[in-house]
1. Given the residues B:163, B:205, which is the only one that is buried (at least 24 other Cβ atoms within 10 Å of the Cβ) and either touching a residue at least 24 places away in the same chain (Cβ under 8 Å) or touching a helix residue (DSSP H, G or I) at 6+ places or on another chain (Cβ under 6 Å) (or both)?
2. Suppose the filter is at pLDDT below 95, at positive phi and more than 8 Å from chain B (Cβ to nearest Cβ); does residue A:9 pass it?
3. Could you identify the single residue in B:196, B:239 that is polar (S, T, N, Q), within 30 Å of residue B:160 (Cβ to Cβ) and either buried (at least 22 other Cβ atoms within 10 Å of the Cβ) or assigned by TED's automatic domain parsing to the domain that holds residue B:136 (or both)?
4. Out of the residues in the stretch A:120-133 that are at the interface with chain B (Cβ under 8 Å from one of its Cβ atoms) and touching a residue at least 24 places away in the same chain (Cβ under 8 Å), state the one that is surrounded by the fewest Cβ atoms within 10 Å (Cβ to Cβ).
5. Going through the stretch A:200-218 one residue at a time, which ones are surrounded by fewer than 17 Cβ atoms within 10 Å (Cβ to Cβ) and part of a helix (DSSP H, G or I)?
6. If you go through the stretch B:5-24 one residue at a time, how many are farther than 15 Å from residue A:224 by Cβ and more than 7 Å from chain A (Cβ to nearest Cβ)?
7. Within the stretch B:214-249, how many residues are on the phi > 0 side of the Ramachandran plot and at pLDDT below 90?
Amino acid sequence: MAGIPIPTGRATANRRASGLVQGLRSGDTFAHLFTLLCAASILLVTAALVHQLYINSALSRHKFGFHFLTGRTWDPVNGDFGALPFIYGTVVTSALALLIAVPMGVGAAIFLSELAPPRVSNAMTFVIELLAAVPSVIYGLLGIFIMVPFLRQYGEPFLKHTLGFLPLFQGPAYGVGMLAAGLVLAVMVVPFIISVSRDVLMAVPVEQREAALALGATKWESTWQVVVPFARIGIMASIFLSLARALGETMAVTMVIGGTPAISASLFAPGYSIAAVIADQFAEATGDLYIQTLIELGLVLFALTIVINGLARVFIISTTKKGSGH
Amino acid sequence: MGWRNIWRKLVNYVMFSLTGLCALITVGALFFILGYLLWHGGSALSWTFLTHLPTPVGEAGGGMANAIVGSAKLLLLASIFGIPIGFLGGVYLAEFGGQAFSSVVRYTADLLNGVPSIVMGIFAFTIVVLPMKHFSTLAGSLALGVMMIPIAVRSTEEALRTVPMMLREGALALGASKWKTIATVAVPAARKGIITGIVLDIARVAGETAPLLFTAFSNRFWSPGWNQPTASLPVMVYTYAISPYDDWHRQAWAAGLVLLTLVLVANVIARLTVSGRSAQ
């Protein structure tokens, strides 16, 4: 990586002494300070975001305290709010999405990095990156009009018939519900898993593969027992990144999850996610407490995604450091 | 060859076929989405759709001209707000920044980029809608503009980092000041990458719906100026899709097709420009 050499110690001191006057005259100092301000705006915006979410949820925080996170009622008429159904819906749909998307995404990434000829691999990656650019409301549109009717007519009856002994697959088949939301999310996060995992897998030194092959391993054995473990931290990062995305994904989930603040074991049952309830009810919320409760939900969602994203970034930083050390 | 080796070869073929299948399904998904939108949206797309206001419920026809203009206005104002800040921030990270502060900014930019867009909507709501007491184009643009900053910062920085140090040193050696070197040598040399990053940035927020729901809100009519609620394409797709009317569903498909086409065309052009450059 061609970085800008950073002057240290004496060099800095020398430059500062002679450079300050000259810098002021030529505009350098002004340019430096002005761009610094713009870069710092990232920190300012983030701080302002946290501050706004915090002060504008004060009513709700004071009234419910930490019981907010464990409360199960959602009664806007009487002003009694609990976030548990939404947290449950968010976690279940995201987990379901990862359950489907991780094998799919890692599998495709293995194909693209290990087997496909470069030309094919690049073309397919190009398409997959376009898939990541499709707006989420479009996924929601297809979800409502294609997936939900399909699930209602074929998918859910089939699951009930074959796996109906599990509590997960019981109850009436509405089409909309946790299952639909999880499936849409899976489709949406696969491209992210693929593009990050592919990059990580391709960064594994070719010697690693050759060593395994030279010991008589098949191509799959070398891939699965050597290349994938070597890239595991990067793959973990890609999974965390897509988890954060799934947790915060709003439109597609709102459109297919069914909009019911209830906790039910069945994946067929309609539910609600944090992002979906904000999207659904914010514009029509009346009364300060109601709005501030929704803002507190936003704060919860923010905290959740920041933690997951932060972990993912730490993973990524540690892999790039390891990579450049070789 | 023993059974064990035959088994190992079998596993090899089966597993790689499965990975190929995963890749094919994912790639197929894009063509499925495109095809389905073309099929359903194409039939509802017409000149009237692009140039007329929505009609009242139950009256056939009408279009989404106000939403198209609304989206354009939202993006314009968001770009005016987000791109310069992001661009200059990127210049700082690539040209001026020290190590510690820059790492913090970079890390925070990545985190900010990962904040759910609906939370950005709440942010703009508390800053603009709450004090002004009404929804507006301005509020929607603020939400989108804030979302644009981190991507603009990161893409500008990366583009500038590809410019060889020698070019800068040449300019400095000729006596140019630092900002002059940046403005006349480094930035022009990196312009392709910078513009690509900005186009991708705009394309990304163009499809955002969640931050507009309670900032720009929606509007059945034209929205003059910047201080009133406005319709936008993504919000129209959403409200029309969840409505109970068949005619509105057809219009949702058409609006979805317009939106997807715009986003994909911007993406394809931007990405081909970059790959064309790296192939040289």
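1. On the way: B:163 fails: buried (at least 24 other Cβ atoms within 10 Å of the Cβ).
Exactly one residue qualifies, and that residue is B:205.
2. yes
3. B:196
4. Result: A:129.
5. A:202, A:206, A:207, A:208, A:210, A:211, A:213, A:214
6. Here the count works out to 4.
7. Number of matching residues: 1.
Residues are listed down the side, and each one gets a yes or a no for (1) touching a Ser or Thr at 6+ places or on another chain (Cβ under 7 Å); (2) among the charged types (D, E, K, R):
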{"residue": "A:161", "(1), (2)": "no, no"}
{"residue": "A:164", "(1), (2)": "no, no"}
{"residue": "A:167", "(1), (2)": "yes, no"}
{"residue": "A:171", "(1), (2)": "yes, no"}
{"residue": "A:178", "(1), (2)": "yes, no"}
{"residue": "A:187", "(1), (2)": "no, no"}
{"residue": "A:190", "(1), (2)": "yes, no"}
{"residue": "A:207", "(1), (2)": "no, yes"}
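The values are calculated or read from the model by the stated rules, or taken from the named source; none is laboratory data. All values reported here derive from a predicted model rather than from experimental measurement. Note: ideal-geometry Cβ built from the backbone for every residue, glycine included; neighbour counts use all protein chains shown.
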